[in-house]
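So the structure is just underneath, and the comments pick up after that.
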């Protein structure tokens, strides 16, 4: 007898309901919206929402739903005209402290958003925009770090009254020339105590007693990581000037940064903004012995008082005057932290009492983000127009629909009732893929659509294996019930082998591939998992409802 336990049918129903629920937001489209975020990336004050509402009300602009989150406020508008008007009004009211950007917000109903059901995110190739791949010059970052160590060592030797002839860089090392063995020994102890990041060894010169210092491997790794993160923060600050609502700025590998600006079509403008950051030639904040003493004296006199950290930036701007571009530099000062001086401090200190770990991390990066930590070079540049993005969506959607419909028709003609069951499973499979992409927040790209198309064919393969095994059992003279049971049982190992090996290949593509390849790997991996579930678990449940139980079946429509 072919019967399913009740819990298996409950599981099937639960998966169907959840899949349909989380795939549903993709049917509602988008609302014109204005997004407000902090220029420096800090968390927003809830009172800002009241200010936005009052400002729009004064201009007789009636917003829709206003979504507040610590990192951004999203104001939904009725149409694109109100969107543009609201953006202009808010830019004038909020000033340089905030970034006001145009956006398209998903028009997902509140009851779906209450269960965190959101639509899929479209990639750059589907939405349109510009893509840059930048390479960070880590060699220059290492040289800059060595130069900073040169200054530190000179200051240490002067403070300790140690006689030396010179401190210089030589290839990837530091060389300090001392006048006597005693001076070298004292210098070695002082440097090892104050600069543990350096590995120091004694070497003899022709007439001097030298020390050679190299940056430790741990420090070098941390330097590269910090340089990359600092450059990402600096680029994000610059990209904010473009008013891009949801830019993608992320690390790729150990020395590269991907910058994707959805909706931006002016590549020259984007390169000008990013290039302006690269020419800020640098901002160094370091306390030498004199600075440390001044800081100690100042904080000693102001224990218990507040001290502000002010971020001062020379921001390059371009204005059009009489039809010509005029470049100028504007001085911008932002108070990014206010802390109470708890005790006197000098060369090294820390600030506490920040609102969250995210704020503390952001402050640490901002203190270094006035300039790039190392030069960057644009090594790849692509522009995707909005029409091309729309064509990509339409062609990708059509390819899925055409392939899907052809498979549906073929399965019904060839396998009859069993083909209808396979078609049902294939439909559920597509719904589950969309639901999973929406739930995990994965970005759908054109290669991702290709992965879905491939999954449609692979999902049918499992059904074909099962159905052909059932037909073979019938030809051998087995009863319909035993043929169904044997067909599913004997085909399982073959299906598992084929899908598991493909899944391994997809995981390898995801781990070692770049952006487009990862998009393909994500949809392929999800499709393999869902197709195995629907083809083996789902179809058998439906077949058992039709032919199973205590029914006497004379023949199968297969």
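The values are calculated or read from the model by the stated rules, or taken from the named source; none is laboratory data. Worth saying up front: this structure is predicted, and the values here are computed from it rather than measured. Reconstructed Cβ throughout: ideal geometry from the backbone, glycine too, with neighbour counts over all protein chains shown.
Could you say which residue among 25, 46 is surrounded by 15 or more Cβ atoms within 10 Å (Cβ to Cβ), in contact with a strand residue (DSSP E or B) (Cβ under 9 Å, 6 or more places away or on another chain) and more than 30 Å from residue 553 (Cα to Cα)? Can you show your working first?
On the way: 46 fails: surrounded by 15 or more Cβ atoms within 10 Å (Cβ to Cβ).
After ruling out the rest, the residue left standing is 25.
Out of 526, 556, which single residue is out of contact with any strand residue (DSSP E or B) (no Cβ under 9 Å at 6 or more places or on another chain), outside the structural domain of residue 13 (by TED's automatic domain parsing) and crowded, with 20+ Cβ neighbours inside 10 Å?
556
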When residues of the range 79-106 are filtered for being part of a helix (DSSP H, G or I), within 12 Å of residue 37 (Cα to Cα) and touching a strand residue (DSSP E or B) at 6+ places or on another chain (Cβ under 6 Å), how many remain? 2
Of everything in the range 19-52 that's in a helix (DSSP H, G or I) and out of contact with any helix residue (DSSP H, G or I) (no Cβ under 7 Å at 6 or more places or on another chain), which residue is farthest from residue 98 (Cα to Cα)? 21
Residues that are in contact with a strand residue (DSSP E or B) (Cβ under 6 Å, 6 or more places away or on another chain), closer than 30 Å to residue 376 by Cβ and surrounded by fewer than 18 Cβ atoms within 10 Å (Cβ to Cβ), drawn from the range 187-213: 199
Scanning the range 430-489 residue by residue, the ones that are touching a strand residue (DSSP E or B) at 6+ places or on another chain (Cβ under 7 Å) and in a helix (DSSP H, G or I) total 1
Selected residue [modelled with pLDDT of 90 or more, touching a helix residue (DSSP H, G or I) at 6+ places or on another chain (Cβ under 6 Å), closer than 25 Å to residue 17 by Cα and outside the structural domain of residue 259 (by TED's automatic domain parsing)] from 428, 460, 453: 428
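Return yes or no: is residue 514 at pLDDT below 85 and either surrounded by fewer than 16 Cβ atoms within 10 Å (Cβ to Cβ) or assigned by TED's automatic domain parsing to the domain that holds residue 470 (or both)? Give the derivation first.
Numbers: at pLDDT below 85: yes; either surrounded by fewer than 16 Cβ atoms within 10 Å (Cβ to Cβ) or assigned by TED's automatic domain parsing to the domain that holds residue 470 (or both): yes.
Answer is yes for this residue.
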